[in-house]
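Engineer: Supplied in structure tokens, the structure appears directly below.
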Amino acid sequence: MKNDIHITVSGRAGNTATLSRNGKDYAKFRLASNRRSRNAQGEWADEPTQWFTVKCWGELAHNVAASVRTGTPVLVRGVLGAETYLNGQGAEVTDQEIRANAVAVELSHGIATYAKTVREKDGAQPSPDAGDPRADDPWGGTAGGGEPADSAEPAADAEEPALANAGASEPPF
């Protein structure tokens, strides 16, 4: 077993994620994470920003590249590593890197809309005329982007599902 360091970091994207297609597709973006704590006077204070380079591969890379923009609040789970390189001045720099296996939008201060990824059979991006991926998704709302149909009243020709507590006035969940 490897001695990998698995971490989860919350923060904001420092740039828009980019997708690289040389060999194995991967996405990359910078993640800024700030910890807040109370100082000696009891006031909230920001600690220094921690910066990470987030990299991911495969289907996750395509979804991250299509979703993560500068300032997007995200949660990243993955393996912590380091990458050493020479910067523009010739100095050796070590960068903290997260090889992500999950990236999610952090929802404590906003909302998000989910759209199921639809890919062509050969793995290519969907064509523009492929239609709305939410069209066949019963939880995705309406394909036209409007409000979901009111489900309080079933259609006149719809059959009522058999429920264990059919006579009760409250739903079974």
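The values are calculated or read from the model by the stated rules, or taken from the named source; none is laboratory data. On a predicted model such as this, the values are computed, not experimentally measured, just so you know. Here the Cβ is made from the backbone with ideal geometry for all residues, glycine too, and neighbour counts use every protein chain on show.
Engineer: Show the residue pairs meeting these rules: Cβ distance below 6 Å; 6+ apart or different chains; first residue within region 30-55 and surrounded by 15 or more Cβ atoms within 10 Å (Cβ to Cβ); second residue of a type in the set (Gly, Ala, Ser).
Structural biologist: Short answer, once both residue conditions are applied: ARG30/GLY14; LEU31/GLY11; ALA32/GLY11; ALA32/GLY14; SER33/GLY11; VAL54/ALA100.
Engineer: In region 1-13, how many residues are outside any loop (DSSP other than H, G, I, E, B) and farther than 18 Å from ASP95 by Cβ? Steps first, please.
Structural biologist: Of region 1-13, the ones outside any loop (DSSP other than H, G, I, E, B) are 5-13.
Remaining after also requiring farther than 18 Å from ASP95 by Cβ: 6, 8, 10.
The qualifying residues number 3.
Engineer: Take region 14-32 and flag every residue that is hydrophobic (A, V, I, L, M, F, W, C), closer than 15 Å to GLY78 by Cβ and part of a strand (DSSP E or B).
Structural biologist: Initial filter on region 14-32 (hydrophobic (A, V, I, L, M, F, W, C)): 17, 19, 27, 29, 31-32.
Those left that are additionally closer than 15 Å to GLY78 by Cβ: 17, 27, 29, 31.
Once the filter is applied, which keeps residues that are hydrophobic (A, V, I, L, M, F, W, C), closer than 15 Å to GLY78 by Cβ and part of a strand (DSSP E or B), region 14-32 yields ALA27, PHE29, LEU31.
Engineer: Checking the structure you have, find out if any residue of region 80-93 is of a type in the set (A, V, I, L, M), assigned to a strand (DSSP E or B) and under 17 Å from the mean Cα position of the chain (by Cα). Break it down stepwise before answering.
Structural biologist: Filtering region 80-93 for residues of a type in the set (A, V, I, L, M) gives 80, 82, 86, 91, 93.
Add one more test, that the residue is assigned to a strand (DSSP E or B), and what stays is 80, 82, 86, 93.
Retained after the next criterion (residues that are under 17 Å from the mean Cα position of the chain (by Cα)): none.
For region 80-93, residues of a type in the set (A, V, I, L, M), assigned to a strand (DSSP E or B) and under 17 Å from the mean Cα position of the chain (by Cα): absent.
Engineer: Same structure, new question: Does at least one position in region 33-46 carry a residue that is assigned to a strand (DSSP E or B) and touching a Leu at 6+ places or on another chain (Cβ under 9 Å)?
Structural biologist: No.
Engineer: While we're on this one: Pull up region 45-91, narrow it to residues that are charged (D, E, K, R) and modelled with pLDDT of 95 or more, then point me to the one that is nearest to ALA115 (Cα to Cα). Break it down stepwise before answering.
Structural biologist: As a first pass, look at region 45-91 and keep what is charged (D, E, K, R): 46-47, 55, 59, 69, 77, 83.
Remaining after also requiring modelled with pLDDT of 95 or more: 55, 69, 77.
Details: LYS55: 22, ARG69: 16, ARG77: 21 Å.
The residue in question is ARG69.
Engineer: Can you tell me which residues in region 93-119 are in contact with a Leu (Cβ under 6 Å, 6 or more places away or on another chain) and charged (D, E, K, R)?
Structural biologist: GLU106 - this is the single residue of region 93-119 that is in contact with a Leu (Cβ under 6 Å, 6 or more places away or on another chain) and charged (D, E, K, R).
Engineer: Another one. Considering only region 47-73, state which residues are farther than 18 Å from ARG21 by Cα, in a strand (DSSP E or B) and under 14 Å from the mean Cα position of the chain (by Cα).
Structural biologist: The one that is farther than 18 Å from ARG21 by Cα, in a strand (DSSP E or B) and under 14 Å from the mean Cα position of the chain (by Cα): PRO73.
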